[in-house]
Structure formats: C-alpha cells, structure tokens
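Everything below concerns the one structure shown next.
The values are calculated or read from the model by the stated rules, or taken from the named source; none is laboratory data. No experiment lies behind these values; they were computed from the predicted model shown. Heads up, the Cβs are rebuilt from the backbone with ideal geometry, glycines too, and the neighbour counts pull from every protein chain shown. Remember, those area values only see protein heavy atoms, side chains included, never the ligands or the DNA or RNA. Shrake-Rupley method; radii C 1.70, N 1.55, O 1.52, S 1.80 Å.
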Amino acid sequence: MKLLLVEDEPRMADALRELLRQDGYDVDWFSRGDEALIAIRSGQYDGVILDVMLPGLSGVEVAAQSRQAGLITPILMLTAKGELDDKVLGLDAGADDYVTKPFQPRELLARVRALCRRGLPLVEDRLCAGDLALDAKGLTLHCVATGQSVHLSEKECRILEYLMVNRNRILSKEQLAVKIWGYENESEYNKVEVYISFARKKLAFVGSSGQIRTVWGAGYELRWENA
C-alpha cells in the first residue's frame, strides 16, 4: 500500500519513513501542507499520515480541504498536543483517527493498518469488487462468477488493485503512472497503456464481466455494466 507522510521535522520524517517501509509500505514524504494537499488530490494514496503543525497549510486545513474536495482517503493525524479540543478539531476537519506524540511504534503501525482497511471491501484478506477478488499478497486474480483464477505480475496486480479500489471512477494516465511507478519515474508514463492491455487480458481470461474502459482525453475506468 502507498502512504503519504506529511511531517515538517526531517529527523522525525526519516524515522517514520523507515518504520513504515520496514512494515511493507511504500511511502512518499512532504514537509509542507500546501504541497501535501496537491499530492492527496492526485488520488494515488491508500492513506495519509498528517502532522498538525505544518508550514503552508496546517494539518487541520489540509484535512478539511481534502474532505471539501470529496476525497475519501483515510487520514491519521499526528499531534504533539494532548488537549481534547485539539483532537476534536482534527476529527471534525475530516481526520479518521489521531495519535498523540510521543507514541510507541507498534501503536502507530496498528493504527495505520486499521486505517488502511477502512473503506476497502475485504473478504478473507482479498480485495473484492464486482465479480472479482484480488489477492495482492499471492498476486492472484479470481472471478467468483466463473471460478477462474490467474496469476498476476506485480505491476498488473497494482494496476488492478488501484482500479478496483476506485471502481466506477475515471483515473488519468498520470494518476496510474504515479501510483505504480512513483513521482521520480516519468519515463514510465507510456507503459501505462501496456499494463492496462495486460490487465484487460487477465480480466478476459478469468471471464469477468468487469471492463476497463478508455475514456478518451480523461483516462481509464473499471466498471461493470450492471453497476
């Protein structure tokens, strides 16, 4: 899963990134609230870890503007303040949970795992959408209607996971490229079409009624005609 960490203190950010990466997360880091808001709006993240005190925009403002824009990305707020009013302010702004500094690493990881599970239709550790069940750990796609399964490459799996989580929503080629290959791999932009083609073949192989539609000038959308 891909996380966005927003923390303006470099040493704290380095420690948190290492902790999260050791637990298997792909982590991007921003130190300013205004820059983080732009990144959140890209829709590529499965969760956001957001400090309250930030330059540009405060964490509370970032959370509030994200929700006002209709974004549903789970947000975990980090705060050094222990007062109840500050916690309520963050939750009212749209944060899903909060952790007060200092915190134990195990607690933070547990909160992040719980946060990233919210809103995802999981059955027996599989991501489910329409007639599809995706086992991201086993790199396997299963169609519950036909009983057929197929093995996926890592990139195929990540493409399908992102499309399934955002089913019936148009995702741009840029969003997909950044989600799968990251900000520093602009040269991979043209590979999106190739992997979309691979993903379509896997859907056809398992006999799914779901289709990855090309929306010209906008991007791609996974949908079921009866949805």
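Worth a mention:
- With 10 Å bins from 0: P(r) over the chain, alpha-carbon pairs, percent: 8, 32, 33, 20, 7, 0
- Listed pairs Lys2/Lys201; Lys2/Lys101; Lys155/Lys201; Lys155/Lys179 exceeding 21 Å between Cα atoms: Lys2/Lys201; Lys2/Lys101
- Using the Cβ-Cβ distance between Gln211 and Arg113 with R0 = 41 Å, the FRET efficiency computed as 1/(1 + (r/R0)^6) comes to roughly 0.80.
- Share, in percent, of DSSP beta bridges within the chain that are antiparallel, nearest 5: 55
- Sulfur and carbon atoms: percent of accessible area, the stretch 1-118 [1.4 Å]: 51
- Ranking by accessible area, most exposed first, for Trp181, Trp216, Trp224 with a 1.4 Å probe: Trp216, Trp181, Trp224
- Ranked order, Cys157, Cys128 - accessible area, probe 1.4 Å, largest first: Cys128, Cys157
- Translational diffusion of the stretch 1-81, µm² s⁻¹ [Kirkwood Rh, Cα pairs; Stokes-Einstein; 4 °C; 1.567 mPa s]: 105
- Per residue, the accessible area of the chain comes to 51 Å² when a 1.4 Å probe rolls over the protein heavy atoms.
- Relative contact order, whole percent, for the chain stands at 13, derived from Cα pairs under 8 Å and 6 or more residues apart.
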